[in-house]
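Take a look at the structure set out below.
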Amino acid sequence: DTEGLLRIKEENQKHYRRAQRHQEKKEKIQRHNRKLGDLVEKKTYDLKTQHEHLANLRRTHILELTSVIFPMEEVKTSMRDPADVSSESDNAMTSSTVSKLAEARRTTYLSGRWVCDDHNGDTSISITGPWIILPNNGDYSAYYNWVEEKKTTQGPDMEHNNPAHTISAALCYATQLVNTLSLILDVNLPKKLCNRQVKTQQRNHEFCGENLSRHRFTRAVKKLNANILHLCFSQHVNLDLLHPLHTLRNLMYLVSPDTENLGR
């Protein structure tokens, strides 16, 4: 029994010494983990600082781009409410007729259906200048109506201030701006729209090349609107402000100085 007790004591001492070595290893690993944790925290803070600095640079470039090269602003039209004009010409007009005229004024026939729009052409959005504008309600039917009329009409080109010309020019500039914003923000666009002539493919700009048919034109506009909305979502623009048909207005909300997350 005495010999067995001595053997057990020797084994216990070996286990104790081994436990001490393991404890030292454990403490060493804990110190190493704390150092790594402090390093990761410092790197995370540095990365966050760099992201904020990069966001500020992007924001500065975007605001400079949209104020110098692609300025956009709301253009008020001089149209008067038909309810006001009619009421002035006919003092006996009933209130129901006035309300119906006001309701008709806020309704637009767009792509085969009636769409309610409070602006309804009262305002337009200009890009690069007050003469290049898009209707605020997203109704670009003047373009393909002009194309269809041009196919059936023989003779010289129509007047230079044709709304189809301004619509195609505005969409052309909007496409260029969106593609540039995607590069600055490092955001991949879901739809591909060409804004320059590529020699290898001989492709012109979607809107500033040849006259597009109604199908090709509406398809290109949908692509452009989808890209704009994608950029707005990436920059956390307030969803209540966006409308899927308001091309330039959505762009204005995106590049507005009030957009807190612009550049993220």
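Derivation of every value follows stated rules applied to the coordinates shown; laboratory data play no part. Quick caveat: nothing in here was measured; it's all calculated off a predicted structure. Note: ideal-geometry Cβ built from the backbone for every residue, glycine included; neighbour counts use all protein chains shown.
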The local net charge around residue 31, scoring Lys/Arg +1 and Asp/Glu -1 for residues other than residue 31 whose Cβ lies under 12 Å from its Cβ, equals +2
Work out from phi, with θ = phi - 60° and the Karplus expression 6.51 cos²θ - 1.76 cosθ + 1.60, the ³J(HN,Hα) of each residue of region 239-256, listed in order in whole Hz, and give x for Gly and Pro. 5, 5, 8, 8, 9, x, 9, 8, 4, 6, 5, 4, 5, 4, 5, 5, 9, 5
What residues qualify as long-range amide H neighbours of residue 206, i.e. H under 5 Å apart, gap of 5 or more or another chain, H built at 1.01 Å from N? 194
Loop-located GluC sites (Glu not before Pro) in region 1-53 whose Cβ has at most 14 other Cβ within 10 Å (DSSP): none
For residue 54, what is the net charge nearby, where nearby means another residue's Cβ is under 12 Å from its Cβ and Lys, Arg count +1, Asp, Glu -1? +2
Taking θ as phi - 60°, what are the ³J(HN,Hα) couplings along region 164-170 by the Karplus curve (6.51, -1.76, 1.60), each to the nearest whole Hz, with x for Gly and Pro? 5, 5, 5, 5, 5, 5, 5
Can you list the residues, at least 5 places off or on another chain, whose amide H is less than 5 Å from the amide H of residue 75, using H built in the peptide plane? 124, 125, 126
Can you tell me which lysines have their Cα less than 25 Å from the Cα of residue 14? Leave out same-chain residues fewer than eight positions away. 25, 26, 28
Determine ³J(HN,Hα), in whole Hz, for all residues of region 218-234 in sequence, where each value follows from phi through the Karplus function 6.51 cos²θ - 1.76 cosθ + 1.60 and θ = phi - 60°; x replaces Gly and Pro. 5, 5, 5, 5, 5, 4, 4, 5, 5, 5, 5, 5, 4, 5, 4, 5, 5
